[in-house]
Amino acid sequence: VPFHKPTIYLFPGGDGASAVFGVRGLTLLIDGGYARQTSNWQFVRHLDRVDAVLVSHLGVDNLFGVTSLIDRISSAGDIQTSFGPVYFNTCPSSPSKSGSAVDPLLLSLSDVGSSLVNKLQKVDLTVLPCTATANGQPVNLYFKIGFGSVDMYVLNPAESGGASSKTAKGGNAVESCVASIVVFKPAAPGTKPVRVLLSLIQYFG
């Protein structure tokens, strides 16, 4: 699927959504929606490569779709799509209370997130934290001489209070949510950059 100019595809998925942002030479997958079959599968499976994946938050409208995608990657022997790093802020698993009965129908989002990280590692995908730095340094996703660059400016969570600190000290899923701006800067003089705000695509509380 060639991208001749900056393009966004949106995929509704139950109570959540997924999106693909693409320019020539870069494909960024955002979230997975909520569905037994992830809403973006029929599109993603025909791509040569997904250069990066952003899991913006730990939520029922998101994690199950992403997990479904990873399950399909691991089980579909004929898929040719390669995947780059996954930007994902996890939080610690909920400690179990000794002697207390656990409802088997209840799911902990932190436990589902930890399970997702294990699945990502089993298919040899790199998991990277996604936090805003004190100096505002962006994450470079793509650069090509004569064409342009794509950078991701993370707005939330802050490095001093996000997944790298608060969640490590018992922070919750809300504190690990990612808000960012993806900026495509064309190399051609006089061409305006394209900015896309990526926050929670959809959430029903």
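What follows is calculated from the coordinates using simple rules that are stated; it is not laboratory data. Bear in mind that the values here come from a model prediction, so they are computed numbers and not experimental data. Methodologically, a virtual Cβ is constructed for each residue, glycine included, from the backbone with ideal geometry; neighbour enumeration extends over all protein chains shown.
Observations on the structure shown:
- FRET efficiency, 1/(1 + (r/R0)^6) with R0 30 Å, evaluated for residue 137 and residue 192 via beta carbons: 0.85
- Full extension of the chain between residue 45 and residue 24 gives 5.8 nm of extra length, using 0.36 nm per residue less the Cα-Cα distance.
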